[in-house]
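Reading through the structure tokens given below for one structure.
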């Protein structure tokens, strides 16, 4: 198999996303292990106002809240490690490489719904959604180049990753219109 720019760009996207999420795992797990959920949340929700983030840092949380955040941090790490594994599979694809790429992408849907929609994340975190979407989209072509895929399979594996940026764009437009209409009142 001849490696193309598509393989290498997908590789770079999975690598960056994986490393970013392993780092995020540490950023979540360390303060959570110290039983400091406020530090986790005020760091994680960088798009929240300074007042909201200060409240999170100073707010007393119910006992064992840190345990849920530890679980979340671990899950972030697993998704990051999975993404790093995909670096290999976009260079030496197996028939189900695209399906393997669904895990980090669907993980990012959770981020989008819980943090992206209410605009509580920062630009760097939001960019991760586009990076993993690009990786999964390109993985459709990696599989196509290595295996005999039907037109329908290719179309679906190209279209599915597009759902996330379309939803993100719709959310941005909605929020912009919402802000504009509230300023007019």
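Computed over every Cα-Cα pair of the chain and binned at 10 Å starting from 0, the pair-distance distribution P(r) comes out as 10, 32, 30, 19, 8, 1, 0 percent. Helical runs assigned H by DSSP (4 residues or longer) give the chain a calculated mean residue ellipticity at 222 nm of -27500 deg cm²/dmol, each run adding -39500 (n - 2.57) before division by the residue total. Taking other C-beta atoms within 10 Å as the exposure proxy, 64, 21, 55, 72 rank 64, 55, 72, 21 from fewest upward.
A viscosity of 0.890 mPa s and a temperature of 25 °C, combined with the Kirkwood radius over C-alpha pairs in the Stokes-Einstein formula, give segment 18-107 a diffusion coefficient of 171 µm²/s. As a ratio to 2.2 N^0.38 Å, the alpha-carbon radius of gyration for segment 69-122 is 1.31. Computed over segment 96-181, the P(r) tail beyond 17 angstrom holds 50 percent of alpha carbon pairs. With contacts taken as Cα pairs under 8 Å at a separation of at least 6 residues, the chain carries a relative contact order of 28 percent. When 29, 87, 13 are arranged by Cβ crowding within 10 Å, least crowded first, meaning fewest neighbours, the order is 87, 29, 13.
Laboratory data are not the source of any read-out in this text; all were calculated from the coordinates shown. In this text, all values refer to a predicted model and were calculated from it rather than measured experimentally. So basically every Cβ, Gly included, is an ideal-geometry build from the backbone, and we count neighbours across all protein chains shown.
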